Amino acid sequence: MHGMLIFALALDPQLLWVIIQVAFGLGAVIFVHELGHFLVAKWCGVKCEKFYLGFDIGGISIWKKKWGETVYGIGILPLGGYVKMLGQEDNPGQQTAELERARLAGGATDRSESSDNNDAIVTEGGTPQFDPRSYVAKSVPQRMAIISAGVIMNVIFALVVSMIAYAVGVRYVPPIVTGTMAGDPAWVAGIEPGDEIVQIGDLKNPRFRDLLSQVTLADAGQPINLEILRPDGKEFSLTITPGETARMQKIGIVGPGTLTLLDDERATIEGSAAREAGLKPRDRIEAVNGEPVKDFVALKQVFVEKAAEAVTLSIARPSENEVDEDGEPVYTNLDVELPPQPIYRLGLVMTMGPITAVQKGSPADAAGIKAGDKLLEIDGESVGDPLTLGHRLGARSGDTVRVKLQRGGETDPLEVDVTLRGEQITTMALAPGKPWEASPLGIAYGIENRVAAVNAGSPADGKIELGAVITQVGFRKLTGEGAQADFEPGQAVPLSDESQAWPFVFTNLQSTTSRYEIELTLAEGEPVRLRPTASDDWFNADRGINTESPMRWRQAHSFGQAVALGWHETTDAISQPYYVIKKMVRQELPVDSIGGPLSIAAVAGQSAYKGMDQLVMFLVLLSANLAVINFLPIPLLDGGHMVFLIIEGIRGKPVSERIALAVNYAGLCLLLSLIALVMYLDISKLS
């Protein structure tokens with residue numbers, strides 16, 4: 001006991017407080033569910049022998065105490081809870097024995113002559129009966145009430161807690177656009193950094209998470225109506241049909257950021273310019289080169305325009321120990337020089353694929369360039385390296401260029417004049433198969449894994465031949481000069497013969513810098529290992545800064561408004577599992593999108609770190625989800641019990657013990673398989 005206390009005191013105080021909050025919150029969700037079963041069972045006169053949070057595997061409990069006829073306790077396995085009622089047993093292997101225990105024992109004529117635990121009596125005729133205080137002796141409506149009470153309590157908990165939360169006030173992340181993914185529906189529609197989505201369908205003033213859920217859970221091919229507010233005050237409507245990435249629907253919007261760095265080691269990326277400059281967690285950026293910046297989008301645009309330059313950031317840094325009279329950290333103002341972040345390259349020029357998308361309102365759109373066209377020349381010269389095309393054209397903003405392209409089955413190339421715009425805020429390819437972007441033109445295109453040229457003097461010079469096809473790219477972190485450790489599993493990007501995954505490979509390359517060695521597997525010949533080198537004329541606008549999300553405040557100003565907000569929160573949380581299950585059955589959502597106990601605990605912990613209001617809203621979501629999942633018609637779950645009761649009500653007699661036992665064994669196998677799956681997925685996400 002003393003050892004546990006010393007260990008707890010040795011933990012970071014904030015972490016310890018988070019653990020306490022999460023344990024209490026998750027325990028509360030389980031408690032109200034089991035309390036529903038317990039209260040209605042007692043009201044119906046059922047003997048409740050145990051009320052447990054967690055499971056007392058092998059009879060091992062953290063704490064237990066008997067009051068009256070019920071043992072209350074906390075089990076050693078924190079994966080749920082249970083109420084043990086006489087005559088009710090979820091373990092198929094013990095169901096028959098439990099029913100026998102609840103039956104009236106022959107030879108006794110009243111309770112005073114029954115067995116020591118008073119669980120069995122008989123009628124004067126000696127016909128076996130069920131103990132009137134057993135679960136199985138109650139009427140079908142009573143048993144339905146007992147079974148459904150848990151999920152009803154979870155729904156009531158979600159509604160009441162969300163109402164209270166909104167009465168006090170809840171923070172949320174607004175759907176402000178920081179960037180769009182090249183070629184995705186939002187990019188094609190012309191949504192720009194700084195735009196805010198103020199309505200999704202009929203939902204006004206949505207949160208960013210509302211946007212994610214509406215897009216992800218929409219039926220395939222179903223368009224979504226959006227109302228967009230531009231920073232200049234212009235408001236307009238768009239209808240967007242989500243695209244699919246790794247079997248998950250997306251529209252390609254990058255979430256919002258602020259000018260304050262994250263409060264942990266993720267604030268800067270290892271090996272980045274930001275970490276080299278000494279930026280720290282919770283630093284707040286206030287100006288660049290003496291010019292104030294109003295928001296994160298403005299900061300990113302400055303980084304784009306001055307990508308090749310060192311910039312001076314004026315920041316406010318919070319003190320670690322000193323606080324003001326309100327308990328807030330005292331800030332120190334200082335300047336930090338942020339060097340440019342070079343692009344890391346291997347010296348390979350890959351083959352440019354056809355245009356996959358054209359951005360609405362872009363120079364290419366105005367010139368009549370279409371998806372499917374293939375760029376051949378610009379101003380009479382070869383297109384060159386497709387990765388650097390946007391960078392090279394961005395330096396010619398305002399110029400009109402002659403673009404030669406091949407369209408479909410037409411014999412002769414087309415030539416069009418395009419007036420270039422400046423380089424825009426762009427987002428690198430964050431998934432395999434995503435295209436690359438030339439923002440001065442407003443086009444997205446694939447890059448094939450076939451080598452078109454090799455730069456002289458580059459790492460690949462003399463090691464890879466023209467026309468070589470790369471089938472896999474592996475990444476190995478170097479622990480020291482000349483390290484020869486094998487490539488770790490899971491750090492390779494496979495490429496097919498027709499692959500367009502090179503932009504994703506290139507994006508990954510930027511996070512490796514020279515601390516990694518890259519292994520290229522070729523369709524023919526031996527693998528080639530290369531050390532990426534920093535470019536001296538091409539720089540990454542993203543200098544390795546990760547910032548917090550902006551938060552807004554939503555508070556009910558009347559009881560009616562609190563009810564309305566709480567009702568929307570609860571009904572939305574209840575509907576989500578149904579949409580998820582439907583899309584998974586249709587194979588429109590990957591299995592690894594679900595999570596188990598470890599994921600729940602992790603998300604709860606992240607929410608607690610963000611504040612009590614965020615943890616409370618997560619518990620609302622969890623409670624409503626638990627209600628839905630528990631009421632699925634799966635044997636051993638509350639929904640499975642309800643199915644048996646409905647059948648019994650229709651037939652006038654219960655399902656035979658033999659059939660019930662077989663079905664429950666099947667349900668147990670299914671549940672154990674699901675538990676194994678979600679635990680595997682949880683562990684995979686943590687590894």
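Residues checked against (1) surrounded by 20 or more Cβ atoms within 10 Å (Cβ to Cβ); (2) closer than 28 Å to residue 503 by Cα:
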| site | (1), (2) |
| --- | --- |
| 179 | yes, yes |
| 187 | yes, yes |
| 194 | yes, yes |
| 219 | no, no |
| 226 | yes, no |
| 230 | no, no |
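Matching residues to (1) within 26 Å of residue 428 (Cβ to Cβ); (2) surrounded by 12 or more Cβ atoms within 10 Å (Cβ to Cβ); (3) out of contact with any strand residue (DSSP E or B) (no Cβ under 9 Å at 6 or more places or on another chain):
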site: 297; (1), (2), (3): yes, yes, no
site: 305; (1), (2), (3): yes, yes, yes
site: 313; (1), (2), (3): yes, yes, no
site: 317; (1), (2), (3): no, yes, no
site: 333; (1), (2), (3): no, no, no
site: 339; (1), (2), (3): yes, yes, no
site: 343; (1), (2), (3): yes, yes, no
site: 358; (1), (2), (3): yes, yes, no
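Can you give me the number of residues within the range 9-63 that are β-branched (Val, Ile, Thr), at pLDDT 90 or above and out of contact with any strand residue (DSSP E or B) (no Cβ under 6 Å at 6 or more places or on another chain)?
3
Being under 30 Å from residue 388 (Cβ atoms), in contact (Cβ under 8 Å) with a residue 12 or more places away in the chain and among the small types (Gly, Ala, Ser): is that true of residue 535 here?
For residue 535, the condition - under 30 Å from residue 388 (Cβ atoms), in contact (Cβ under 8 Å) with a residue 12 or more places away in the chain and among the small types (Gly, Ala, Ser) - is met.
Can you pull out the residues in the range 151-181 that are hydroxyl-bearing (Ser, Thr, Tyr) and not in a loop (DSSP other than H, G, I, E, B)?
162, 166, 172, 180, listed by residue number.
Which of (1) modelled with pLDDT under 95; (2) touching an Asp or Glu at 6+ places or on another chain (Cβ under 9 Å) does residue 320 not meet, given it meets every other one?
(2)
Quick test of your reading of the structure: residue 285 fulfils all but one of (1) among the aliphatic types (A, V, I, L, M); (2) modelled with pLDDT of 95 or more; (3) more than 20 Å from residue 256 (Cβ to Cβ). Name the failing condition by number.
(3)
The conditions are (1) over 30 Å from residue 596 (Cα atoms); (2) surrounded by 13 or more Cβ atoms within 10 Å (Cβ to Cβ), and residue 73 fails exactly one of them. Which is it?
Every condition holds for residue 73 apart from (1).
Residues of the range 512-532 being touching a residue at least 60 places away in the same chain (Cβ under 8 Å) and in contact with a helix residue (DSSP H, G or I) (Cβ under 9 Å, 6 or more places away or on another chain), which ones?
Across the range 512-532, the qualifying residues are 518, 531, 532.
Among the residues of the range 637-657, which ones are surrounded by 15 or more Cβ atoms within 10 Å (Cβ to Cβ), assigned to a helix (DSSP H, G or I) and within 39 Å of the chain's Cα centre (by Cα)?
Of everything in the range 637-657, those that are surrounded by 15 or more Cβ atoms within 10 Å (Cβ to Cβ), assigned to a helix (DSSP H, G or I) and within 39 Å of the chain's Cα centre (by Cα) turn out to be 638, 639, 640, 641, 642, 643, 644, 645.
Going residue by residue through the range 415-431, is there one that turns out to be assigned by TED's automatic domain parsing to the domain that holds residue 511, over 21 Å from residue 191 (Cβ atoms), charged (D, E, K, R) and surrounded by fewer than 22 Cβ atoms within 10 Å (Cβ to Cβ)?
Scanning the range 415-431 turns up at least one residue that is assigned by TED's automatic domain parsing to the domain that holds residue 511, over 21 Å from residue 191 (Cβ atoms), charged (D, E, K, R) and surrounded by fewer than 22 Cβ atoms within 10 Å (Cβ to Cβ).
Would you tally the residues in the range 42-85 being touching a Gly at 6+ places or on another chain (Cβ under 9 Å) and closer than 17 Å to residue 27 by Cβ?
Total meeting the criteria: 23.
Given the structure, is residue 207 within 30 Å of residue 80 (Cα to Cα), of a type outside the set (Phe, Trp, Tyr) and within 22 Å of the chain's Cα centre (by Cα)?
In short, no.
In the range 35-46, what residues are surrounded by 22 or more Cβ atoms within 10 Å (Cβ to Cβ) and not β-branched (Val, Ile, Thr)?
Scanning the range 35-46 gives 36, 37, 38, 41.
Quick one: how many residues across the range 401-412 are of a type outside the set (Lys, Arg) and surrounded by 15 or more Cβ atoms within 10 Å (Cβ to Cβ)?
4
Over 24 Å from residue 664 (Cβ atoms), in contact (Cβ under 8 Å) with a residue 24 or more places away in the chain, out of contact with any Asp or Glu (no Cβ under 6 Å at 6 or more places or on another chain) and not in a strand (DSSP E or B): does that describe residue 39?
When the stated conditions are applied, residue 39 passes them.
Tally the residues that are over 33 Å from the mean Cα position of the chain (by Cα), of a type outside the set (Gly, Ala, Ser) and within 13 Å of residue 438 (Cβ to Cβ), restricting the search to the range 343-364.
So the count comes out to 1.
Of the conditions (1) at pLDDT below 90; (2) farther than 30 Å from residue 306 by Cβ, residue 514 clears all except one; give me its number.
(2)
Can you give me the number of residues within the range 627-657 that are in contact with a helix residue (DSSP H, G or I) (Cβ under 6 Å, 6 or more places away or on another chain) and more than 30 Å from residue 159 (Cα to Cα)?
Summing the residues that are in contact with a helix residue (DSSP H, G or I) (Cβ under 6 Å, 6 or more places away or on another chain) and more than 30 Å from residue 159 (Cα to Cα) in the range 627-657 gives 4.
Working carefully through the options 169, 150, find the one that is surrounded by fewer than 23 Cβ atoms within 10 Å (Cβ to Cβ) and either at pLDDT 90 or above or not assigned by TED's automatic domain parsing to the domain that holds residue 667 (or both).
Unique residue meeting the criteria: 169.
Check the range 240-257 and report whether any residue there is at pLDDT 90 or above, of a type in the set (S, T, N, Q) and in contact with a strand residue (DSSP E or B) (Cβ under 6 Å, 6 or more places away or on another chain).
no
Identify, from the list 465, 377, the residue that is over 13 Å from residue 352 (Cα atoms) and surrounded by fewer than 19 Cβ atoms within 10 Å (Cβ to Cβ).
Checking each option against the conditions leaves just 465.
Condition check ((1) modelled with pLDDT under 95; (2) surrounded by 14 or more Cβ atoms within 10 Å (Cβ to Cβ); (3) touching a Gly at 6+ places or on another chain (Cβ under 7 Å)) across all residues:
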position: 541; (1), (2), (3): yes, yes, no
position: 549; (1), (2), (3): yes, yes, yes
position: 563; (1), (2), (3): no, yes, no
position: 585; (1), (2), (3): yes, no, no
position: 589; (1), (2), (3): yes, yes, no
position: 595; (1), (2), (3): yes, yes, no
position: 598; (1), (2), (3): yes, yes, no
position: 603; (1), (2), (3): yes, yes, no
position: 607; (1), (2), (3): yes, yes, no
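Looking only at the range 575-589, decide whether some residue is touching a helix residue (DSSP H, G or I) at 6+ places or on another chain (Cβ under 6 Å) and not in a loop (DSSP other than H, G, I, E, B).
yes
I need the full set of residues from the range 182-198 which are under 17 Å from residue 242 (Cβ atoms) and part of a strand (DSSP E or B), in order please.
197
The values are calculated or read from the model by the stated rules, or taken from the named source; none is laboratory data. Remember, predicted model here, so these are calculated numbers, not experimental data. Glycine gets a Cβ as well: all are built from the backbone with ideal geometry, and neighbour counts include every protein chain shown.
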